[in-house]
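Notes follow once the structure below has been shown.
The values are calculated or read from the model by the stated rules, or taken from the named source; none is laboratory data. From a predicted model like this one, the values you see are computed outputs, not experimental measurements. For neighbour counting, all protein chains shown are included, and Cβ atoms are generated from backbone atoms with ideal geometry for every residue, glycine included. These accessible areas exclude ligands, DNA and RNA; they are computed on the full protein's heavy atoms, side chains included. Shrake-Rupley method; radii C 1.70, N 1.55, O 1.52, S 1.80 Å.
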Amino acid sequence: MENTLFMAGLGGRIFNCTLRALANQGKITQLKGVSASGQKNLDEIAEKIQHDSTHRYFPLDVCARGLKEGEDLGAGHLGFLVFMTSGSFFGNKPCDYKHEVPVFGQPDPSLLPLADLGIDVAIDASGRFLTREKAVAFLKAGAKKVVMSAPAKDDTPLVIYGINNEVDTGLDVVSRASCTTTCAAPIVKALGDKYGMPRNIFLNTTHAVTNSQLSLDGNSASFANGFGCMDNIVVTSTGATKSLKIMFPEIGNTTGISCRVPVTDGSICCLVMSFDESMKGKITREDVIETLREYEKDHPLNIRVSHRKTMISTYVIGRGIGSIVAPGQVEVHDNIVHVIAGYDNEYGYAYLLALSALNCPLPA
């Protein structure tokens, strides 16, 4: 049986894309509540979910409604998001599907009525609860498990759906890492199983802009993020290198950078991996591609070897797959392997996040 869900971070990019993923998977009814850090205009929120500048129309009609007499569930209950048959909101089609989700404007998760709502898994899509100490607030409110939608800032276990599920034996708090880790991990896992884990990894992701960057030059907590995102290529660090080392401790060293570029979505990861010296002359380009194709057979949502020879970022937008490899851009020199893969850093990540939350084991 699939888990019932609650999601914090109303209106954010990962929040909206996870809603879209649940709708496309036919699982929006598993969502029993959502929250924001305070008061929100729900009509505006619904409009932005329905008409996304990057991902376009939502697969269902979305609107908002206020509270009727006796409906107040407390904890800053603002109203409901309503999901209906596409085309039914304006009367063009009959409404044969309707699901209402209560919305709470409550910054303290411990005050949310998660037990009353029957929540199994709370997804933190706000990025505000990235340590166990903070995340347990959802557990105190009645959720059985918390899934962080970003790398944790402590030693919270890192689990990527389809890659290292065995780590999650029914843990009550886990991290779903990052979009870049979700792209790189299946490549490292597939080739590591075949050739032994890489001794060294250099990762360079050419990454779409995010809301952490300013649109025009200004003051930001991060110096680099304070430069206008549509005028600059900004070089920053990437947490994916640390996450890969956590997932695969046999790796020797990991290092890398993230180059933020002026596109709204669609990123490309360049992985350079050096394997043990004993593998010199034993790895071929054809064998690498075949190994990735074989891994794809059992992990079709984690990795896809494209029929296209080169990677273009718009190829991956809207694809619910963690990593899409361009076979024409796989190179091998002695024991060094170079792989290029694209990923939708919003929807691709959110699609697997939704599946993870729906299917992850709960604490005993």
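List of remarks:
- Inspection of segment 106-123 finds no residue satisfying the criterion of being modelled with pLDDT under 95, in a loop (DSSP other than H, G, I, E, B), open to solvent by 10 Å² or more (accessible area, probe 1.4 Å) and of a type in the set (Gly, Ala, Ser).
- Taking residues in segment 117-129 that are under 17 Å from residue 210 (Cβ atoms), and partners anywhere that are of a type outside the set (Gly, Ala, Ser) and open to solvent by 20 Å² or more (accessible area, probe 1.4 Å), the pairs with Cβ atoms closer than 7 Å and at least 6 places apart or on different chains are 125/14.
- Residues within segment 121-175 that are hydrophobic (A, V, I, L, M, F, W, C) and touching a helix residue (DSSP H, G or I) at 6+ places or on another chain (Cβ under 7 Å), tallied: 17
- Residues that are surrounded by fewer than 22 Cβ atoms within 10 Å (Cβ to Cβ) number at least 1 in the following strands (runs of 3 or more DSSP E) confined to segment 130-239: 200-208, 234-236.
- Residue in segment 288-298 that is among the β-branched types (Val, Ile, Thr), open to solvent by 20 Å² or more (accessible area, probe 1.4 Å), within 30 Å of residue 26 (Cα to Cα) and not in a loop (DSSP other than H, G, I, E, B) present: no
- All conditions in (1) modelled with pLDDT of 95 or more; (2) more than 19 Å from residue 354 (Cβ to Cβ) hold for residue 166, with the sole exception of (1).
- Members of segment 317-339 that are closer than 30 Å to residue 23 by Cα, free of Cβ contacts under 8 Å to residues at least 60 places away in the same chain and not in a loop (DSSP other than H, G, I, E, B): 324
- Breaking point among (1) of a type outside the set (Asp, Glu); (2) within 19 Å of residue 187 (Cβ to Cβ); (3) surrounded by fewer than 19 Cβ atoms within 10 Å (Cβ to Cβ), for residue 335: (3)
- Matching option when the condition is in contact with a His (Cβ under 6 Å, 6 or more places away or on another chain) and polar (S, T, N, Q), among 29, 54: 29
- Matching option when the condition is of a type in the set (A, V, I, L, M) and surrounded by 23 or more Cβ atoms within 10 Å (Cβ to Cβ), among 268, 251, 257: 268
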